[in-house]
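For reference, the structure discussed in these notes is given below.
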Ligand code: NA7
């Protein structure tokens, strides 16, 4: 590492925030409002977090716009107007830039700065944080807002360096337009990113070859522009929307049905699914209460979506190849615009790489066990090292110099208290950390709850003159056990997915998300705080534990 003039500087702050996405921006805002000296460090050249990097064609959020935003400020909510039901990446990025401008956040964000390490010093109860270019920051509070799905998974495929064309990962897309006109494009991966990108790239490329490992269920998004009246109505209902989504299970206003799919006759069920299909978005997932808990109930919706695939896709063999067999919803439920329809185009072909796996990337393209495909561009829509990937990229060390990675045995023994804190790492807070509900819903709602809880906690520490707070090991074990027990009651653990870590070679398996829902989780966190931070210990300014 070349030495820079920053090497001997130590900046002293109350709080350091990592990231300038939805989490980092709001955390920074709240800390500053409370009068703490603080700075956010961001690897990218601008705000946005995943929405800065996920610039690929078709990138869009799958939560409805009017709920996929902050609700901490009524003024902000009323000043911003979304244009369509599901916001496109450029619009979300504009929104986050608008937020940064409105609250003048940029002056306290250091861009193009990656944090290399954060070490806790027990004698001073402070964190020493180091950037990759050699700057050191001493801070009382170390807060990660690094995102749950932000570390790209680029599979270790033999020969990638030899490829003569261009290749991209959806999560690190260039900000300049990538022109596919006249090109032979190959895309690997059919998760949310692939499903969004495939129809858009297919319209531009000379030919698109989709390399599919696991077929996916996806339902129509039914995206459409918002009318002025609809937006106006949402603004008028701000307080109601805020209250409802914060108390809800998934950060969205429509409550899931309380009926079992098995209570209805096949005819009634078919009608329910047809209506949800017509409505689009998450409606089908919420159409019955037990779709993610009961195998037979799940089969009803899975079979319905498979029948739709066969209706839409003209070639029966392709339709069969596109038909999934895992439990619907146990991999991230996807919504799409013209995904299955795209396979009716003459310039799109589908390759089943489960049957004939990719052997290597050659100078000309991709070689599977039974064919070779000449390509000009390869798109990796191969996902992320979820939940822990971005935390493990930093060398985080707590008490006794124990690293977070070692404590969590490289991911096999993740244990947190409430998904916010972990024993041995005082004054470290994780916004939407593992074992919080995070990705199982509309993220900004989860993020705001965490930020507000962390801020209240810091205020409590300051008010009571405490140097630090630390999760107790027994409270943490109980929480982790509770999370695992809840997950085991669902079908989530029966499918290999990024939720379980199965998508990353060598990563330990384990379901690291709290499935009990946003509202109940919020209540639990509020109760812990109300009981004087039950399950936590405090370290006084004189360095005694109470
Ligand atoms: P996902 O959902 O993890 O999807 C990744 C896709 O890439 C999925 O189809 C994988 O197949 C496939 N994949 C991964 N590695 C390989 C290799 N080595 N060979 C072939 N195919 C591979 O990531 P996304 O970016 O689409 O979505 C991530 C989240 O972002 C999403 O859930 C939303 O919350 C937003 P597999 O299913 O593992 O067989």
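Read-outs throughout are calculated quantities, based only on the coordinates presented, and are distinct from any laboratory measurement. Keep in mind that this is a model prediction, so the values were computed, not measured. As a convention, Cβ positions derive from the backbone with ideal geometry for all residues, glycine included, and neighbour counts pool all protein chains shown.
General observations
- Per-pair calculated FRET efficiency, R0 = 35 Å: residue 78 and residue 132 via Cβ, rounded to 0.05: 0.30
- Rg ratio (alpha-carbon, reference 2.2 N^0.38 Å) - the stretch 323-362: 1.51
- Residue 152/residue 369 FRET efficiency (R0 41 Å; Cβ-Cβ; nearest 0.05): 0.95
- Dimensions of the stretch 257-304 based on its C-alpha atoms, expressed as ranges along the principal axes with the largest first, amount to 24, 20, 20 Å.
- Simple spin-label estimate for residue 526 and residue 176 in nanometres, 7 Å along Cα-Cβ: 5.1
- In the frame of its principal axes, the stretch 456-546 has Cα extents of 48, 30, 20 Å, reported largest first.
- Compared with the direct C-alpha span, the chain from residue 464 to residue 299 gains 54.0 nm at full extension, assuming 0.36 nm per residue.
- Between 0 and 90°, nearest 10: helix 89-102 axis offset from the chain longest Cα axis: 20
- Distance (nanometres) between label positions extended 7 Å along Cα→Cβ at residue 315 and residue 341: 1.9
- Here the stretch 85-129 was treated as a single set of alpha-carbon atoms; its pair distances binned every 10 Å from 0 give 21, 27, 27, 19, 6, 0 percent.
- Taking other C-beta atoms within 10 Å as the exposure proxy, 26, 384, 230, 77 rank 230, 77, 384, 26 from fewest upward.
- Cα gyration tensor shape of the stretch 382-515, rounded if a/c is under 1.5, else prolate or oblate by comparing a/b with b/c: prolate
- The stretch 141-277: proportion of alpha-carbon pairs further apart than 18 angstrom, %: 75
- Peptides 241-252, 337-348 ranked from most to least packed give 241-252, 337-348, packing being the mean of other C-beta atoms within 10 angstrom over each peptide's residues.
- The gain in end-to-end length when the residue 123 to residue 111 segment is fully stretched comes to 1.3 nm, 0.36 nm per residue minus the alpha carbon separation.
- Take every DSSP beta bridge whose two residues both sit in the chain; close to 40 percent of them are antiparallel.
- The chain: angle of helix 266-279 to the longest principal axis, Cα-based, in degrees nearest 10: 70
- Taking a ≥ b ≥ c as the square roots of the eigenvalues of the alpha carbon gyration tensor, the stretch 247-402 is oblate, as a/c is not under 1.5 and a/b does not beat b/c.
- Against the main long axis of the alpha-carbon atoms of the chain, helix 443-463 sits at an angle near 10°.
- Scaled radius of gyration (Cα, divided by 2.2 N^0.38 Å) that the stretch 380-448 gives: 1.15
- From most to least packed by mean Cβ count within 10 Å, the peptides 160-173, 441-454 give 441-454, 160-173.
- Ratio of Rg to Rh for the stretch 19-103: 0.97 [Cα atoms; Kirkwood radius as inverse mean 1/r over pairs].
- The chain - Debye-derived log10 I(q)/I(0), Cα point model, q = 0.05, 0.08, 0.10, 0.11 Å⁻¹: -0.20, -0.54, -0.85, -1.03
- You can think of it this way: the chain between residue 259 and residue 473 has 73.2 nm of extra reach, that is 0.36 nm per residue less the Cα-Cα gap.
- Each principal axis of the stretch 451-497 carries a Cα extent, and these read 47, 23, 15 Å when sorted largest first.
- Volume per residue of the convex hull around the Cα atoms, evaluated for the stretch 59-146, comes out as 140 Å³.
- Estimated purely from DSSP H runs of n ≥ 4, each contributing -39500 (n - 2.57), the mean residue ellipticity at 222 nm for the chain is -9000 deg cm²/dmol once divided by its residues.
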